[in-house]
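Structure first, then comments.
The values are calculated or read from the model by the stated rules, or taken from the named source; none is laboratory data. These figures come from a predicted structure and were not determined experimentally. All Cβ positions, even for glycine, are placed from backbone atoms using ideal geometry, and neighbour counts span all protein chains on display. Quick note on the areas: whole protein, heavy atoms, side chains included, nothing else; ligands and nucleic acids left out. Shrake-Rupley method; radii C 1.70, N 1.55, O 1.52, S 1.80 Å.
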Amino acid sequence: MNSTPSSDMRATASALDAQCDKLPVLGDPHRSPDVAGVARQISALGELITDLGNEVHLSASQEPEAHTARVITAFAATVRPTGQAASALGEVARQLSFLDRTEHLRDEPDTDDAREAAVQLIDDSLNTADTALREAADSLRVASAIVSPPSVRLRAALSRSATAPSVPAPPPAAQTAAVPAGVVRRSR
């Protein structure tokens, strides 16, 4: 299989989506947060950050192409939100550990307030991680479409499909360049 920067971006975006889908959910018995599960997810995000660094290095060390700067920028920019998600999950693990350590003090008024604050911080941190992972995945998809825009035919087919994911259109400059001179565009 021949790997292209665009396909690498889409694969990384899918990996970020998968991590987003694995985030624990407070109150959901099937996805309730636990320290070990959160730690595994932090490790997985660390591996993704390493992969992003490797993609930047690989792109920077190859013969420059027209899209090389965009590829480097896209992968490098994805490190920040992925790191934010990992950091937010670190806070989740810390607060879960606090809740575990104070379980036996649950009925004491001062501890109860602190435990409620910890649960709120867990919820806020999970929301931060979710937002950061979605931002990272979306930015890679957009960059992928710019580097290697889908064909007009593919975009039309995807727009007719109710189950297909949304594929962003290329930027206006790319659309203009794709239309031969003298051809009149018509919209429906």
Segment 52-126: which trypsin sites (Lys or Arg not before Pro) are DSSP loop and have at most 12 other beta-carbon atoms within 10 angstrom? Arg106
What's the extension gain from Ser148 to Thr73 if we count 0.36 nm per residue and subtract their Cα-Cα distance? 25.5 nm
Write down the accessible area per residue of segment 34-118 in Å², having rolled a 1.4 Å probe over the full set of protein chains. 58 Å²
With a 1.4 Å probe and all protein chains left in place, how much of the accessible area of segment 83-151 comes from carbon and sulfur atoms, in whole percent? 49 percent
Please report, in whole Å, how far the alpha carbons of segment 70-111 spread along each principal axis, starting with the longest. 56, 14, 7
Taking segment 46-103, which GluC sites (Glu not before Pro) meet the DSSP loop condition and have no more than 15 other C-beta atoms within 10 Å? Glu65
If you take the alpha carbon radius of gyration of segment 1-129 and divide it by 2.2 N^0.38 Å, what ratio comes out, to two decimals? 1.35
